[in-house]
Amino acid sequence: MSDHSKPLPEISDENRPFWEGTRREQLLLQRCARCGHLRYPISHVCPECLEAGHEWVPVSGRGEVYSSIVFHQVYHPAFADDVPYNVSLVQLDEGPRMFSNVVGVPPGQVKVGDRVRVVFDPVNEEVTVPRFTPEHP
Amino acid sequence: MTTDMLRKEAARMRSLKDRTAIVGVGATPQGRLPGSTQLSLAVDAFKAALDDAGLDKRDVDGLLTFPGTTAPEGPLNYLRVGEALGIDPAFTGSMSMGGGTAGALVQMAATAVASGQASTVACVFGDAAKTGGSRFSRASGWGDSWGIWGMMGAAANSAVAASRHMALYGTTSAQLAEVAVACRRHASMNPNAVMREPITVADHQASRFIVEPLHLLDCCLISDGGVCVIVTSAERAQDAAQPPVLISGMGQAYTTRTLEREDWWYVPHQKQALDRAYAMAGMGPQDIDVAQLYDNFTISVLLWLEHAGFCAPGESGPFVEGGRIQLGGELPVNTAGGNLSESYMEGWLHIVEGVRQLRGQGGERQVQGAETCLVTGRGMTLNCSNAMVLTKGGVSA
């Protein structure tokens, strides 16, 4: 899928560990060195205590669907063949929430409260996008 | 924010109650306006508001602008608009908070007038969003864009809110439809509205999905147009051409966070903005005669109704049934048609309609005896919210 024209992460020193982690099929998040807050989105500084120091720690990749929507409208031409597709706000068991896609089931069947686990989708040689799938299909 | 803190804050704001007034409102034609630009629409709206107020441009010494989505100069819009209008203001600037901008600018104008920094402030907006290529389809997310997962466009954020509200409270799409039906019925009585053909709940249900659970008829329009609101002191407003409409309550609240805040989807900061406006006005939901509630999508009206205290959290779905928010109902909402059916002026026309209702200029859609109007705005990725209680001048509170 080298012709992947969807938005991709711009890899920088700030987010590189996250995207190197997904290539190894690991979901890593930042834990604040001072207050221990586990944060997402990725940031150079802790939004709780403003400490910059942090370590990247693996999380279970398990959680539940917090909200689930289905895109029918094409807002970006690269998604034209994907509609209808699911976007879910996933509540990770460790606390943070992230937007992702629940895949492996029809998009409209994803319900709030469904248990999900992370899966890794290599979209090109550099980038592997974390998505989710039902824990118990 | 504890109740005690809010009370102390309200005591400080209370001194601003009824100190300022909206004396002029102006709007251009709305809809598809080929050949128009952000600048031409802003200038036309300014002229219309001056005419409405019976003022000369030399009376205006404050200029606040919203660049909308199509001003090439972006945050320097105040300079571009100011040059076109040929004015050298004592107080100026631009702000970009999407649908939260109109209320924030009018409140900034009011505080500038109350503090003496300016005497008469024009708040100006123009946008050629329909014909000029708007940016409403962009993805949110600083750093790694949510677009990586296809999470883009304005409807998606409200769809997230709707999905969770439905799951937690049993809210239905047919209840969301009640908001669209009410706005369209009101627009049918508004000669300036873009969408005037009445719709039914069945029409709503049959319209295509945009971002499920939201159908096409849950979504606001995209429009070209301009709006201007002129604020001055209550004292000066006595001599204006129009009956004064007093700014009795003002409140704002923001969350800069999205994913980091578990209740982000429910926009709880809206309740803080409303509580501040109510506290300054010394009023509550029971005192409101008519409401103009920011409706980028139908679900937003449901959330406002809960935060404004018209119904309990989770109960807005049943609340909007049976025509309660239609003209003739218990609480008429968006009496000109709102963003959903009048025109998508990012909430600016909500202020204009609030003023017209309190002047008694609503025509066929006038709420008889309306003396108080609640006006709300919200913008960006559900981040920016504000509320105002407007009251009819010359009526003792």
Test for residue B:105: is it surrounded by 23 or more Cβ atoms within 10 Å (Cβ to Cβ) and at pLDDT 95 or above: yes
Residues being over 13 Å from the mean Cα position of the chain (by Cα) and at negative phi - total across region A:87-120: 12
Restricting region A:62-94 to residues that are of a type in the set (A, V, I, L, M) and within 7 Å of chain B (Cβ to nearest Cβ), the residue that is farthest from residue B:259 (Cα to Cα): A:70
Test: residue in region B:201-210 that is at the interface with chain A (Cβ under 8 Å from one of its Cβ atoms) and either among the small types (Gly, Ala, Ser) or at positive phi (or both): no
Subset of region A:95-137 that is among the β-branched types (Val, Ile, Thr) and more than 10 Å from every other protein chain (Cβ to nearest Cβ) - its residue that is surrounded by the most Cβ atoms within 10 Å (Cβ to Cβ): A:116
Residues satisfying the stated conditions in region B:174-191, i.e. over 17 Å from the mean Cα position of the chain (by Cα) and either more than 15 Å from residue B:297 (Cα to Cα) or surrounded by fewer than 18 Cβ atoms within 10 Å (Cβ to Cβ) (or both): B:174, B:185, B:188, B:189, B:190, B:191
Matching residues, region A:45-71, being surrounded by fewer than 18 Cβ atoms within 10 Å (Cβ to Cβ) and either under 30 Å from residue B:208 (Cα atoms) or of a type in the set (S, T, N, Q) (or both): A:60, A:64
Qualifying positions in region A:52-90 - within 19 Å of residue A:105 (Cα to Cα) and of a type in the set (Asp, Glu): A:64, A:81, A:82
Filter result for the condition that a residue is within 30 Å of residue A:102 (Cα to Cα), without any contact (Cβ under 8 Å) to a residue 24 or more places away in the chain, within 14 Å of chain A (Cβ to nearest Cβ) and touching a Pro at 6+ places or on another chain (Cβ under 6 Å), over B:145, B:137: B:145
Criterion violated by residue B:132 - all others in (1) within 9 Å of chain A (Cβ to nearest Cβ); (2) surrounded by fewer than 24 Cβ atoms within 10 Å (Cβ to Cβ) satisfied: (1)
Which listed residue is at the interface with chain A (Cβ under 7 Å from one of its Cβ atoms), part of a helix (DSSP H, G or I) and modelled with pLDDT of 95 or more, from B:181, B:160: B:160
Test: residue in region B:289-309 that is touching a Lys or Arg at 6+ places or on another chain (Cβ under 6 Å) and not in a helix (DSSP H, G or I): yes
Pick from region B:248-282, criterion assigned to a loop (DSSP other than H, G, I, E, B) and under 20 Å from the mean Cα position of the chain (by Cα), ranking: surrounded by the most Cβ atoms within 10 Å (Cβ to Cβ): B:267
Residues (surrounded by fewer than 19 Cβ atoms within 10 Å (Cβ to Cβ), aliphatic (A, V, I, L, M) and under 18 Å from residue A:9 (Cβ atoms)) located in region A:72-91: A:78
Any hit, region A:14-29, residues being within 8 Å of another protein chain (Cβ to nearest Cβ) and in contact with a Lys or Arg (Cβ under 7 Å, 6 or more places away or on another chain): no
Enumeration of residues in region A:1-13 that are within 11 Å of chain B (Cβ to nearest Cβ) and more than 27 Å from residue A:80 (Cα to Cα): A:12
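The values are calculated or read from the model by the stated rules, or taken from the named source; none is laboratory data. Owing to the predicted nature of the structure, the values given are computational and were not obtained by experimental measurement. Reconstructed Cβ throughout: ideal geometry from the backbone, glycine too, with neighbour counts over all protein chains shown.
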